[in-house]
Amino acid sequence: MVIITVTLNAALDVTYRVPSLRPHTTHRVVDIAERPGGKGLNVARVLADLGHRAVVTGFAGGTAGDELRRRLAAVTRADLLTDALVPTAGATRRTVGVVDAATGDTTMFNEPGPTVSPAEWSSFVDVYRGLLASGEAGAVALCGSLPPGVPVGAYADLVREARSAGVFVLLDTSGEPLRRGLAARPDLIKPNVDELAGLTGFSEPARAARDARRRGARAVAASLGAEGMLAVSEEGVWQALPPGRLAGNPTGAGDSAVAGLLSGVVEGLPWPRRLARAVALSAATVVAPAAGEYDRAVYEELLPQVKVAAAG
């Protein structure tokens with residue numbers, strides 16, 4: 001069984017570490033890390049590390065896109081991760097994270113991404129439909145922002161394609177793409193509390209999640225930061241709590257949580273075990289030295305310590 005991850009706005013992630021970040025000064029970078037990024041690519045790499053087959057698709061172009069694909073091939077097992085990215089004439093964006101070693105805080109700079117032409121979008125849709133029609137897809141993750149040129153209702157269309165193929169579909173985006181995507185009734189959305197509040201107008205997570213279900217989501221798994229994750233579905237409501245607050249870089253933590261949720265779906269795990277895995281992976285990503293990676297030893301240590309309880 002294969003999990004398809006869609007990253008329409010992939011990125012080459014660059015992480016700089018400096019002794020102390022101060023405005024209006026020159027900084028000496030003490031460490032540099034580059035890795036293939038974008039939410040869906042992060043999800044796929046974690047899935048492959050967990051032993052699940054994943055296919056990554058979306059767009060890649062220019063020098064940064066070439067480097068992204070080269071690094072993607074270098075850091076993953078070929079039998080578990082397949083590159084089905086669609087070429088684009090525009091250059092793949094870069095994201096630059098500057099880590100302040102003194103505080104552990106990270107400052108991010110995100111480029112907008114390439115402008116996708118109608119012909120490139122059509123080529124992607126053909127690839128996506130082919131992956132869904134292969135008969136191997138167990139789930140789809142639609143992740144991240146939309147690059148310039150892609151219709152704002154693109155995710156709604158991709159959700160409908162997956163549902164028509166009978167494939168479980170998770171949507172992880174924000175703003176208007178999320179609002180429109182809900183109308184296509186995704187099986188699961190994974191917003192954080194701010195995205196959920198922006199969608200529904202409610203600041204209380206459980207109330208906001210129920211409202212999101214009324215708007216079309218069949219289930220909601222809301223990231224609560226240090227408070228873990230809340231799941232609201234027709235089967236019930238649960239909250240998973242990590243054993244404690246961990247300092248580090250939160251970049252990619254939500255993507256690791258998506259990998260935990262999707263791996264639980266294809267393995268047929270009940271909601272409490274899916275949530276425990278998602279929260280442990282998310283926490284293990286926060287403490288990892290490179291943005292978007294997770295610490296396997298920390299994950300295995302935290303997993304049995306995550307507390308999951310019915311929340312009403």
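The values are calculated or read from the model by the stated rules, or taken from the named source; none is laboratory data. Fair warning: this is a prediction, and the values are worked out from it, not measured in the lab. FYI the Cβ positions are ideal-geometry reconstructions off the backbone, even for glycines, and counts take in every protein chain you see. Ligands, DNA and RNA are stripped out before the accessible areas are found, and what is left, the full protein with its side chains, is counted by its heavy atoms. Shrake-Rupley method; radii C 1.70, N 1.55, O 1.52, S 1.80 Å.
Relative contact order of the range 167-225: 37 percent, from C-alpha pairs under 8 Å at least 6 residues apart in sequence.
Residues 24, 52, sorted by accessible area with the largest first, give 24, 52 [1.4 Å probe; ligands and nucleic acids excluded]. Ignoring solvent entirely, what values of log10 I(q)/I(0) come out of the Debye formula for the range 199-312 at 0.11, 0.18, 0.21, 0.24 Å⁻¹ when each Cα is a single scatterer? Values, matching the q order: -0.33, -0.85, -1.11, -1.33.
With q set to 0.17, 0.18, 0.20 Å⁻¹, the log10 of I(q)/I(0) for the range 174-257, from the Debye formula over equal scatterers at the Cα positions, is -0.65, -0.72, -0.88. Computed about the Cα centre, the dipole magnitude for the range 199-258 is approximately 180 debye when only Lys and Arg (+1) and Asp and Glu (-1) carry charge, each at its Cβ. Remark on the range 221-261: Rg and Dmax equal 11.0, 34 Å (Cα only). The GNM of the chain, with springs linking C-alpha atoms under 10 angstrom apart, assigns the highest mean-square fluctuation among 220, 125, 159 to 125. Considering the range 1-49, its Cα convex hull presents a mean projected area of 4.8 nm². Projecting the Cα atoms of 92, 52, 72 onto the charge dipole of the chain (Cβ charges, centred on the Cα centre) puts 52 farthest toward the positive pole.
Size of the range 99-200: Rg and Dmax of its alpha carbons, in Å, are 15.9, 51. On a per residue basis, the convex hull of the C-alpha atoms belonging to the range 146-211 measures out at 79 Å³.
Here the Gaussian network model covers the chain, with springs between Cα atoms less than 10 Å apart; of 142, 21, 178, 21 fluctuates the most.
Residue 171 sits among other residues whose Cβ lies under 15 Å from its own Cβ, and their net charge, with Lys and Arg +1 and Asp and Glu -1, is +3. About its Cα centre, the dipole of the chain is roughly 420 debye, where the only charges are +1 on Lys and Arg Cβ and -1 on Asp and Glu Cβ.
The distance separating the Cα centre of the range 297-312 from that of the range 212-280 comes to 11 Å.
Cα convex hull, the chain: 129 Å³ per residue, rounded to a whole number. Taking every C-alpha pair closer than 8 Å and separated by at least 6 residues, the mean separation divided by the residue count of the range 11-106 gives a relative contact order of 39 percent. In percent, rounded to a whole number, the relative contact order of the chain is 15, using alpha-carbon pairs under 8 Å and six or more apart. Of the accessible area of the range 243-283, computed with a 1.4 Å probe over protein heavy atoms only, carbon and sulfur atoms account for 53 percent. On the protein heavy atoms, probe 1.4 angstrom, tell me the percent of accessible surface of the range 150-228 carried by carbon and sulfur. On the range 150-228, the fraction of accessible area on carbon and sulfur atoms equals 44 percent.
Since only 43, 168, 62 are under comparison, the one whose Cα sits farthest along the positive direction of the charge dipole of the chain, derived from C-beta charges on Lys, Arg, Asp and Glu, is 168. Over the chain, dividing the summed -39,500 (n - 2.57) contributions of all DSSP H runs of at least 4 residues by the number of residues returns a 222 nm mean residue ellipticity of -11500 deg cm²/dmol. Accessible area per residue for the chain is 42 Å², calculated with a 1.4 Å probe on protein heavy atoms, without ligands, DNA or RNA. The dipole here belongs to the range 1-83: it is taken about the Cα centre, uses +1 on the Cβ of Lys and Arg and -1 on the Cβ of Asp and Glu, and is about 200 debye. Mean-square fluctuations from a GNM of the chain, with a 10 angstrom spring cutoff on Cα atoms, peak among 48, 119, 212 at 119.
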